[in-house]
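The values are calculated or read from the model by the stated rules, or taken from the named source; none is laboratory data. Given the structure is predicted, the values throughout are model-derived calculations rather than measurements. Don't worry about glycine lacking a Cβ; one is built from the backbone with ideal geometry, like all the others, and counts go over all protein chains shown. For accessibility, only protein heavy atoms count, side chains too; no ligands or nucleic acids. Shrake-Rupley method; radii C 1.70, N 1.55, O 1.52, S 1.80 Å.
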Amino acid sequence: MSERLQSKNNRRDFIKMAGAASALSAFAVPTVHAEEKEIGKIQVALVGCGGRGTGAAADSLNVPAGVTKLVAMADVFQHRLDGSYTALNRTFQENKEKVDVPKERQFVGFEAYKQAMDALNPGDIVILATPLAFRWVHYQYAIDKGLNVFMEKPVIADGPSAKKMIALAELADKKNIKSAVGLMVRHCRGRQELHDRIQNGEIGDIVCMRAYRMHGPVASAFSTPKPEDKQEVMYQIERFHSFLWASGGCFSDFYIHQIDETSWMKNAWPVKAQALGGRHYRGDFIDQNFDTYAVEYTYPDGSKLFFNGRTMLGCRNDMSSVVHGSKGSAIVSTSGHTPGKVRTFSGQNQNRREVVWAYPQPEQNPYQLEWNDFVDAITNDQPYNEVHRGVQASLVTSMGRMAAHTGQEITYEQMLHCEQEFAPNVDKLTADGPAPVMPNEEGKYPVPMPGQNRDVEYVV
């Protein structure tokens, strides 16, 4: 099945689910607040100036057609905005017109996202790279402004937020707003050819898949107690991988890629999950993550994906995805996201003698390809909305996380309709709080307790 046909099928699934979402209020006709943009130029605003946001901004400016220009930036932390601006200026020092963000278009604070988007015109692009809890809030404002949107994954961590994003995605379609989601592996040309080969029967029927993401502590997944001089809300946003409300934890933020890419090869989403997980050698760490996760996902035909995640020092590292079929097997990811070095094999041992096909090296970078495809859809006015699929991938990932955190078998429908909303008032959040979760007298936060908390992932 082609990627376009798969996208249509995903959209039909979401139209059915969208009935569960509450109707959103009508949006105002966009008002132009910025100066008129240059003819033929697409202005870009970056909201969320961390490492991933900075990388996305650089990719947006490297689109081959040369039509993009960064004109505004926003973050809740001055130091992150400053660091991102410095890095982008350095990267484009020989092409300085690409980064045109004077002090008056650098915005800091919880309302900064509005100011950055107000600096654009309808049809421009905003990059949403803040912690996922704010995704629906920022997406809603972007749609109101008539802006095309690139948003980082995951897009949700709970059922109530999924319903909000589903409704917003439908509204974006009605307004012909293009929306991209940073699951860049879907744009890898090697994985696209591998997908077609698997759908055409090269390895037979898929009966089992395996995926691994095992490495030491990364990003802000492990955190020690909050320093006394930091505000609670700001500490949690800065250490967002440590908090389920802000990121879905390390499970959602890191593992979504491989759960998505294997489900793509299967051409289906799993319908249920059961899982194991635990915390070990925690020392002074106070975050909400488990150190180990082992999830068994079940697809509609009964086939399985076995996903293993581990965040520990001194252990074997592995970041790969493998598909096993009735006539052979395939490697989806060799070691990390790129290069994929995808291959198909006539057997299950996956040695050199069994190689049937391998994608030629070197490969194009999928982080750049996703931007090339996105801007191409904008400039040629082609339908483009990856949010429907992004919510599905995020829900499936959350389903596995919830199965581990509760110790129960969790279905897709249970995850979608679970009433636990991690950050119900995130649109009203301020630096002064209150924060969505609060520490106890020892400075520790509520953690999942499988078997004791059976219906929710943690008790506030």
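For H79, only one of the following conditions fails: (1) more than 23 Å from Y139 (Cα to Cα); (2) in contact with a Ser or Thr (Cβ under 7 Å, 6 or more places away or on another chain). What is its number?
(2)
Could you list, in sequence order, all residues of the range 150-173 that are part of a helix (DSSP H, G or I) and either open to solvent by 10 Å² or more (accessible area, probe 1.4 Å) or of a type in the set (D, E) (or both)? Break it down into steps so the answer makes sense when it comes.
Pass one, the range 150-173, residues part of a helix (DSSP H, G or I): 159-173.
Scanning the range 150-173 gives P160, S161, K163, K164, A167, E170, L171, D173.
Among the residues of the range 335-357, count how many are under 19 Å from D196 (Cα atoms), open to solvent by 50 Å² or more (accessible area, probe 1.4 Å) and touching a strand residue (DSSP E or B) at 6+ places or on another chain (Cβ under 8 Å).
Result for the range 335-357: 5.
Conditions tested, residue by residue: (1) polar (S, T, N, Q); (2) over 16 Å from A157 (Cα atoms); (3) surrounded by fewer than 24 Cβ atoms within 10 Å (Cβ to Cβ); (4) modelled with pLDDT under 95.
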{"position": "N200", "(1), (2), (3), (4)": "yes, yes, yes, no"}
{"position": "D205", "(1), (2), (3), (4)": "no, yes, yes, no"}
{"position": "A211", "(1), (2), (3), (4)": "no, yes, no, no"}
{"position": "F222", "(1), (2), (3), (4)": "no, yes, yes, yes"}
{"position": "A246", "(1), (2), (3), (4)": "no, no, no, no"}
{"position": "D253", "(1), (2), (3), (4)": "no, no, no, no"}
{"position": "E261", "(1), (2), (3), (4)": "no, yes, no, no"}
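Considering only the range 315-333, I want to know if a residue exists there that is modelled with pLDDT of 95 or more, out of contact with any Cys (no Cβ under 6 Å at 6 or more places or on another chain), of a type in the set (A, V, I, L, M, F, W, C) and not in a strand (DSSP E or B).
Looking only at the range 315-333, we keep the residues that are modelled with pLDDT of 95 or more, and these are 315-333.
Filter again for out of contact with any Cys (no Cβ under 6 Å at 6 or more places or on another chain), leaving 315-323, 325-333.
From what's left, of a type in the set (A, V, I, L, M, F, W, C): 315, 319, 322-323, 330-332.
From the residues that got through so far, the ones that are not in a strand (DSSP E or B) too are 315.
Yes, the range 315-333 contains at least one residue that is modelled with pLDDT of 95 or more, out of contact with any Cys (no Cβ under 6 Å at 6 or more places or on another chain), of a type in the set (A, V, I, L, M, F, W, C) and not in a strand (DSSP E or B).
Would you pick out the residues in the range 359-387 that are over 12 Å from A180 (Cβ atoms) and either open to solvent by less than 50 Å² (accessible area, probe 1.4 Å) or among the acidic types (D, E) (or both)?
Hits for the range 359-387 are E363, P366, Q368, D381.
Name every residue in the range 174-186 that is assigned to a helix (DSSP H, G or I) and either open to solvent by less than 10 Å² (accessible area, probe 1.4 Å) or closer than 13 Å to G390 by Cα (or both), in order of residue number.
Filtering the range 174-186 for residues assigned to a helix (DSSP H, G or I) gives 174, 184-186.
Matches in the range 174-186: M184, V185, R186.
Could you pull out the residue among I156, I198, I166 that is β-branched (V, I, T) and over 19 Å from the mean Cα position of the chain (by Cα)? Please lay out each step first, then the result.
Working: I156 fails: over 19 Å from the mean Cα position of the chain (by Cα); I166 fails: over 19 Å from the mean Cα position of the chain (by Cα).
Result of the check over I156, I198, I166: I198.
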